[in-house]
Amino acid sequence: MSSAEIPVLGITPFHRPDPRLAAALVRCGATGILDLGRETAAARAALEETVRLAPGPFGVRLAAAHLLDPGELPAAVDTIVLPAGVALGPHRAAGERRLIVQVTSLAEAQSARSAGADALIVKGHESGGAVGAESSFILLQRLVAAIDLPLYVQGGLGPHTAAACLAGGAAGLVIDSQLALVRESTTPAPLRAILATLDGSETTLVAGHRLLQRPDVPLAKEFAQASATEIHAHLGGSDHTRELIPLGEDAAQAAPLARRFATAGGVVQALRAQI
């Protein structure tokens, strides 16, 4: 496999729709995944904008099954990323699209395979949002031995760690937080300023979710005793004073990657070249 053929899935970070970034990922030969967020009106507008900007097919991530009817997705959407536990049947019935499920454990992976998933995203505990107990590389090793589906790794990836995941049996790579500061990203300015200073230690685990926590971003402390359902309902990346930011430890790479490689295409090319 040449470096240009290494599958890279880029998900718009922080559970936030970002059509410009999704389209940029498509243009550089990656699979651009537009996270549709939590608001239906914003999701529909983002879909229309991505169809206009992207030069080819793209994917979407649906965090909530009720956000959109599967039949509403435009023909340009060829991949759907879903969290574990969401029913795949309605999406399968709505069209011939690749269905990829994010899993954080062997049990979730087995359930997704039985439900008809085409591939899995192995989401390690370094990732932002819902996570399990194992690192992405350890979880990958567990699933490679038990699951006969393509496995894409999400969590802790950078130019120096991606090759190890492919050598360990991964079919491809997933990046999200790493893209938050590239030129095409529309991450809001206040959050960009925070991301530019991260060192990787500014996350906390609350009810199985990895979140941004700093003295100037106190919301995670306010939700320290919240349930997983309450956490999920407040995830987002548009306003860090009102939302819980699903931030992975790999977000500390966003600033150095943006300084060195500038664009989404530059980051994707660097990952592939290093491998």
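The values are calculated or read from the model by the stated rules, or taken from the named source; none is laboratory data. Quantities reported herein were computed from a predicted structural model and do not represent experimental measurements. Note that each Cβ is placed from the backbone with ideal geometry, even for glycine, and that neighbours are counted across all protein chains shown. The protein model used for the area step is the full one, side chains on, heavy atoms only, and it has no ligands, DNA or RNA in it. Shrake-Rupley method; radii C 1.70, N 1.55, O 1.52, S 1.80 Å.
From the list GLY155, GLY124, exactly one residue is free of Cβ contacts under 8 Å to residues at least 40 places away in the same chain and under 24 Å from GLU243 (Cα atoms). Which is it? Write out each step before concluding.
On the way: GLY155 fails: free of Cβ contacts under 8 Å to residues at least 40 places away in the same chain.
Just a single option satisfies the conditions, and that option is GLY124.
Just to be sure I understand, how many residues within region 224-233 are crowded, with 19+ Cβ neighbours inside 10 Å and either modelled with pLDDT of 90 or more or in a loop (DSSP other than H, G, I, E, B) (or both)?
Here is the first cut: in region 224-233, the residues crowded, with 19+ Cβ neighbours inside 10 Å are 231-232.
Cutting the leftovers down to either modelled with pLDDT of 90 or more or in a loop (DSSP other than H, G, I, E, B) (or both) gives us 231.
Number satisfying all stated conditions: 1.
Applying the selection to region 234-246, what residues are open to solvent by 30 Å² or more (accessible area, probe 1.4 Å) and either over 18 Å from the mean Cα position of the chain (by Cα) or of a type outside the set (S, T, N, Q) (or both)? Explain how you work it out, then say what you get.
Pass one, region 234-246, residues open to solvent by 30 Å² or more (accessible area, probe 1.4 Å): 234, 238-243.
Within region 234-246, HIS234, ASP239, HIS240, THR241, ARG242, GLU243 meet the criteria.
In this structure, does GLY132 turn out to be under 18 Å from ARG38 (Cβ atoms) and not in a helix (DSSP H, G or I)?
Numbers: under 18 Å from ARG38 (Cβ atoms): no; not in a helix (DSSP H, G or I): yes.
So GLY132 does not fit the description; no.
How many residues does region 247-275 contain that are open to solvent by less than 50 Å² (accessible area, probe 1.4 Å), in a loop (DSSP other than H, G, I, E, B) and modelled with pLDDT under 95?
Going through region 247-275 one residue at a time, the tally reaches 2.
Quick one: which of GLU5, GLU72, GLU96 is open to solvent by 10 Å² or more (accessible area, probe 1.4 Å), in contact (Cβ under 8 Å) with a residue 12 or more places away in the chain and either farther than 20 Å from GLN269 by Cα or not aromatic (Phe, Trp, Tyr) (or both)? Steps first, please.
Details: GLU5 fails: in contact (Cβ under 8 Å) with a residue 12 or more places away in the chain; GLU96 fails: in contact (Cβ under 8 Å) with a residue 12 or more places away in the chain.
Testing whether each residue is open to solvent by 10 Å² or more (accessible area, probe 1.4 Å), in contact (Cβ under 8 Å) with a residue 12 or more places away in the chain and either farther than 20 Å from GLN269 by Cα or not aromatic (Phe, Trp, Tyr) (or both) leaves just GLU72.
Can you pull out every residue in region 33-53 that is buried (at least 17 other Cβ atoms within 10 Å of the Cβ) and out of contact with any Pro (no Cβ under 9 Å at 6 or more places or on another chain)?
Passing the criteria: ILE33, ARG38.
Taking the options GLN141, GLN110, name whichever one is open to solvent by 30 Å² or more (accessible area, probe 1.4 Å) and closer than 19 Å to ALA164 by Cβ.
Working: GLN110 fails: closer than 19 Å to ALA164 by Cβ.
Going through GLN141, GLN110 in turn, the sole match is GLN141.
Out of ALA115, ALA130, ALA164, I need the residue that is in contact with a helix residue (DSSP H, G or I) (Cβ under 9 Å, 6 or more places away or on another chain), buried (at least 20 other Cβ atoms within 10 Å of the Cβ) and not acidic (Asp, Glu). Which one?
On the way: ALA115 fails: buried (at least 20 other Cβ atoms within 10 Å of the Cβ); ALA164 fails: buried (at least 20 other Cβ atoms within 10 Å of the Cβ).
Among ALA115, ALA130, ALA164, only ALA130 is in contact with a helix residue (DSSP H, G or I) (Cβ under 9 Å, 6 or more places away or on another chain), buried (at least 20 other Cβ atoms within 10 Å of the Cβ) and not acidic (Asp, Glu).
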